[in-house]
Each structure stands twice: as structure tokens, then as C-alpha cells.
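First the structure, in the form of C-alpha cells, and then the observations on it.
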Amino acid sequence: MGYMKKLIALIVFSFLFTIASPASAREGSIDLTSSSVSCKGISLFQSGSYRIFGRCDGLVYPHETTYNKYVLWGKTIARGELIRIGAVEAGYFSGNIASPFGDMVITAETDNLVRKPSDKVVVSGKLTVFDFDKSKVTISTTTTTTPAASTAPTGMTVQDTTSKVTAATSTAGSVIGRILTSLLVIILVIVGIAIGASLIFRNRGSVSH
């Protein structure tokens, strides 16, 4: 009976561990910085453990005569223990850690395979967890500003157009008036000639009788 309870508990634990999403795991960016050393990296949850890899700039080889190796450590969240992740070689580091962690340090060591860190801490930092919350995604909008038209030039343009239209209208009216006057004069002349001719023909008719 006790065996069955343990088996059921193990199955439940395995199920909960399996369905845990990467967001609940300690996936994120790694940043370790001091006055002379800077390390950047990333942590990804793969196959039940955390895959760590990155690069350091500013490490001096060797750190001291006997301490000529560098090792990266992760501090577990549950117990606060420093767990070895991997060696830092030629400025690059990579390794695995099974337990969730937060703070990280790089120490100078005499051997890459040490189990406990020395007191020679070279640089320290922490893991910043990725935020996969889609509700925080914002859509940026681009606003295009149209320059406002200058009031003064617009007013001048309108006035100039109006004066031109007025001048053109006046000119057209003057020309039409001259044409009508000329036509009226011609009509009057023709009418006068017709009346004169009619009177002449009447006078000749009276003389012949």
C-alpha cells in the first residue's frame, strides 16, 4: 500500500514538472558586471534542466599564479547554494544546472572541476527572467504631422487672385462695351443711309410726275 502511494506521488510530481511551461522556469538573460569585467549570456530550459551559455569580456589570464581557471556558479533559489555550471574558457562559458537559480558569480579557481567555489570572486550578477506575458504587448502608432499652411502667404495669394479676376472681368466688360457701341453706331449709320435713300427716291418720283 505504501509503495502505491509513493508511486502515485511520483507520477503526480512528474506530471506537474512536465506541464510546467518555460515561462515558469528560469529562462532569461544573464548579466554579470564589475568595474573591469562584463559577461552576457542566456538561460534556456531544455530537457529538464537549464542550458547556460554566454561570453565574458575583460577576464585576465591567469587571474593569479595558481588561480588560473575561471568557473561560473549559479545560486539556487530553494537553498541558496552555489552550484557549478561550467568553466569559462577563453572568455566563453556554457553548462547546465538542474535547479532554478537567480544570482550568479564567476570565481578564480586552481581547477575547472572544483565542487565548491573559492573566495576569489571575479564578477557577479543575476538572471533576468524573460517576460512572456502577451497582455503587456503594446502596439506603437506613428503619427504623421502635416505642417500647417502659412496664413500670411495664403491671404496674399487669395488677394492676388481676386485682383486678377477683377481686372480680367473689367477688361472683358470694357471690350464687350466697345464692340456693342461700334455695332450700335454701324446700325445707326445703316438706318440713316436707308432713310436718306428712301427720301431721295421719293423726291425723284415727285419730280418726274
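Only the coordinates and a few stated rules stand behind these numbers; no lab work does. Small disclaimer: the values here were computed from a predicted structure and weren't measured. For neighbour counting, all protein chains shown are included, and Cβ atoms are generated from backbone atoms with ideal geometry for every residue, glycine included.
Counting only aspartates and glutamates at least 8 places from residue 126 when in the same chain, those with an alpha carbon closer than 15 Å to its own are 27, 31, 81, 103.
Peptides 75-86, 98-109, 178-189 ranked from most to least packed by the mean count of surrounding Cβ atoms within 10 Å: 98-109, 75-86, 178-189.
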